[in-house]
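Every read-out reported here was derived from the displayed coordinates using simple, explicitly stated rules and does not represent laboratory data. Since the structure is predicted, the reported quantities are computational estimates derived from the model, not experimental observations. Positions of Cβ are backbone-derived with ideal geometry, glycine not excepted, and every protein chain shown enters the neighbour counts.
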Amino acid sequence: MNENDQLIIVEKYITKEKILEYANASGDFNPIHINNDFAQKSQFGQVIAHGMMIAASISEMMTINFKNDWIKSGKLKLKFKSPVFDKEKIIVSGEINKIKILENGKEITSSVQVKKESGEIVITGNASVIQNIN
């Protein structure tokens, strides 16, 4: 991999069922995520996906691109911009910005983002990973 290379993209549809599965797995039952009546009265007007559920898609993309190196050394710094609703498709992408050579490997820093199919930005940020020389 080289600077300016694009990372392998992850695309997925977000559904109420997936949001509920995430609530059960995470223990986060905030009514904005699971209660239609509550959510309709909120600023969003409907149930929204958990921010960390959407952020996990970035980690999924990084794992596809960097395998165990991401799992062992991955770091994220993110800014949450917009909510994701039921029946929306998200596209997770990234670009390598910098490769720093280390004594026993290299540190790769990438810009990452999640956007909706409409083009609306959901999350932006940076990810870094240490690739060890084998």
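Observations on the model:
- Verdict on Glu88 being within 20 Å of Met52 (Cβ to Cβ), free of Cβ contacts under 8 Å to residues at least 40 places away in the same chain and either acidic (Asp, Glu) or out of contact with any strand residue (DSSP E or B) (no Cβ under 6 Å at 6 or more places or on another chain) (or both): no
- When the residues of the range 1-59 are filtered to those that are assigned to a loop (DSSP other than H, G, I, E, B) and small (Gly, Ala, Ser), the one that is surrounded by the most Cβ atoms within 10 Å (Cβ to Cβ) is Ala49.
- Candidates Val114, Val84, Val122, Val129 - the one that is β-branched (Val, Ile, Thr) and farther than 25 Å from Val47 by Cα: Val129
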